[in-house]
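Engineer: Encoded as C-alpha cells, here's the structure I'll be asking about.
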Amino acid sequence: ILDGLPSDDQQAVRAVVVTLMQGMETDLTTFPTEDSGQVVALDSPQALDDYIYYVAGCVGEFWTAVSLSHTASLRHWDKAAMSALGVRFGKALQMTNVLRDVPKDLRMGRCYLTAEALSELGLNPSDLLNADNSDKARPALVDGINLALDHYAAAKQYILAIPRRNLRLRLAALWPVVIGLGTLAQLADNRQWLSPDSISKVTRGWIYKVLLFSMLVGRSNRVLAWWIRRLRKGVESAL
C-alpha cells in the first residue's frame, strides 16, 4: 500500500511513523513493566512536551502535509506556519488524553504528570494512586489543563484557516477540538479526578448534539469562534 502512494505521501507516512515510534520507545524506556508494582513519572515539562509531540503533535504535521498535497484550495497556506499550528493542535488533544487517563495510566506504572510538578506539591507518583490526594494534586491538574488550553488556541486558528467551502475538512478538525474541550470541562469539575471510578467524559447524547450543530454552523467563522470560545470559558469557570 505504501509503495502505491504518491511520493509526497510516502515521505509523509514514513516521517510520521518514525516519530510515533519514538513515542513508543519513550514509553518503553521511561516506565516500568505493568506488573512491577512501581509508578514512574516523566522528569520535567520538557520531557512531557517531547512525549506529546512524539505521539500526537507529529500527526498535526502529517495531517497538514497530506491536506496540502490533496486539497487545491489550501495552496495559499504557509506550510511552515500551518504545520506549527498543527503540531500544537495534536498536543492539545494528547494533553487532554493524558489528563483524562491519569488513573488508568497510574495503574500501568505510568505517570505523565511530571516528577518536577509533583515534587513542588510534596507528592511522588505513587501518591496519586490514592484518590484522597485529588485535592492536594489538583494544582498539577490545573497546570495541565491550562497548558492544553494554550494549545487549543492554536487548534482554533487552524480550523478557521480551513476555507469555508471545505466543510468536511473543517468538521474533521472541529469535532476532536469540541469533544476535547468538553472533556476538559468535565475533568476540571471532577473533584475525584484521581479515582478510576470517576472518569471524566462527555455523554454520547452530548456528542450527537455536537455533530448536528456543527453541520449547521460549520461554514461560519463567527459562530465557530464563538462556540470554541464558549467551550473554553466553560473549562476556565470550572477551574
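Engineer: What list of ³J(HN,Hα) couplings, whole Hz, do you get for the stretch 83-95 from phi and the Karplus terms 6.51, -1.76, 1.60, once you set θ to phi - 60° and write x for glycine and proline?
Structural biologist: Taking θ as phi minus 60°, the curve returns 5, 5, 5, x, 4, 5, 4, x, 5, 4, 5, 5, 4 Hz for the stretch 83-95.
Engineer: Whole percent per 10 Å bin, from 0 to the bin with the longest distance: what is P(r) over all C-alpha pairs of the stretch 184-228?
Structural biologist: The percentages, shortest bin first, are 24, 36, 28, 13.
Engineer: Can I ask one more? Return the calculated 222 nm mean residue ellipticity for the chain, to the nearest 500 deg cm²/dmol, obtained by summing -39500 (n - 2.57) across DSSP H runs with n ≥ 4 and dividing by the residue count.
Structural biologist: Working: 10 runs with 156 residues, N = 239.
Result for the chain, helices only: -21500 deg cm²/dmol.
Engineer: By how many degrees, 0 to 90 and rounded to 10, does the Cα axis of helix 221-238 deviate from the longest principal axis of the chain?
Structural biologist: Relative to the chain, helix 221-238 is tipped by roughly 0 degrees.
Engineer: Per residue and in cubic angstrom, what volume does the convex hull of the Cα atoms of the chain have?
Structural biologist: Details: hull volume 32.4 nm³, N = 239.
Cα-based convex hull of the chain, divided per residue, equals 135 Å³.
Engineer: What do you reckon, how do Leu239, Leu216, Leu68 stack up by accessible area (1.4 Å probe), largest on top? Please report the intermediate quantities before stating the final value.
Structural biologist: Values: Leu239 65, Leu216 135, Leu68 45 Å².
Correct descending sequence by accessible area is Leu216, Leu239, Leu68.
Engineer: Just how much of Val55 is accessible, in Å², when a 1.4 Å probe is used and the result is rounded to the nearest 10?
Structural biologist: Around 40 Å² of this residue is reachable by solvent.
Engineer: Quick check: at a probe of 1.4 Å, how many percent of the accessible area of the chain sits on carbon and sulfur atoms? Each step should come with its number before you reach the end.
Structural biologist: Details: 6570 of 12320 Å².
Answer for the chain: carbon and sulfur cover 53 percent of the accessible area.
Engineer: Post the alpha-carbon centroid distance, the stretch 90-124 to the stretch 191-239, in whole angstrom.
Structural biologist: For the stretch 90-124 versus the stretch 191-239, the Cα centre distance is 22 Å.
Engineer: When the Karplus curve 6.51 cos²θ - 1.76 cosθ + 1.60 is applied with θ = phi - 60°, which whole-Hz ³J(HN,Hα) does each residue of the stretch 45-54 get, with x for Gly and Pro?
Structural biologist: Here the 3J(HN,Hα) series is x, 5, 5, 5, 4, 4, 4, 5, 6, 4 Hz.
Engineer: Rg and Dmax in Å for the stretch 92-153, alpha carbons only: what are they?
Structural biologist: In order Rg, Dmax, the Cα atoms of the stretch 92-153 give 11.3, 33 Å.
Engineer: I've got another one for you. Can you give the Rg to Rh ratio of the stretch 156-239, both from alpha-carbon atoms, with Rh computed by the Kirkwood formula? Write down the numbers at each step before the final one.
Structural biologist: Values: Rg = 13.9 Å, Rh = 13.6 Å.
So for the stretch 156-239, dividing Rg by the Kirkwood Rh gives 1.02.
Engineer: Step through the residues of the stretch 120-134 one at a time and calculate ³J(HN,Hα) from phi using the Karplus curve (6.51 cos²θ - 1.76 cosθ + 1.60, θ = phi - 60°), rounding each to whole Hz and writing x for Gly and Pro.
Structural biologist: Values, residue by residue: 5, 9, x, 10, 10, x, 5, 4, 6, 5, 9, 4, 5, 8, 4 Hz.
Engineer: Turning to a different aspect of this structure: Just list whichever of Lys201/Lys233; Lys104/Lys156; Lys156/Lys209; Lys79/Lys209; Lys209/Lys233; Lys136/Lys233 have alpha carbons separated by over 22 Å in the model shown.
Structural biologist: Values: Lys201/Lys233 18 Å; Lys104/Lys156 29 Å; Lys156/Lys209 20 Å; Lys79/Lys209 33 Å; Lys209/Lys233 19 Å; Lys136/Lys233 24 Å.
Over 22 Å Cα-Cα: Lys104/Lys156; Lys79/Lys209; Lys136/Lys233.
The values are calculated or read from the model by the stated rules, or taken from the named source; none is laboratory data. On a predicted model such as this, the values are computed, not experimentally measured, just so you know. Note: accessible area is taken over every heavy atom of the protein model, side chains too, but ligands, DNA and RNA are not part of it. Shrake-Rupley method; radii C 1.70, N 1.55, O 1.52, S 1.80 Å.
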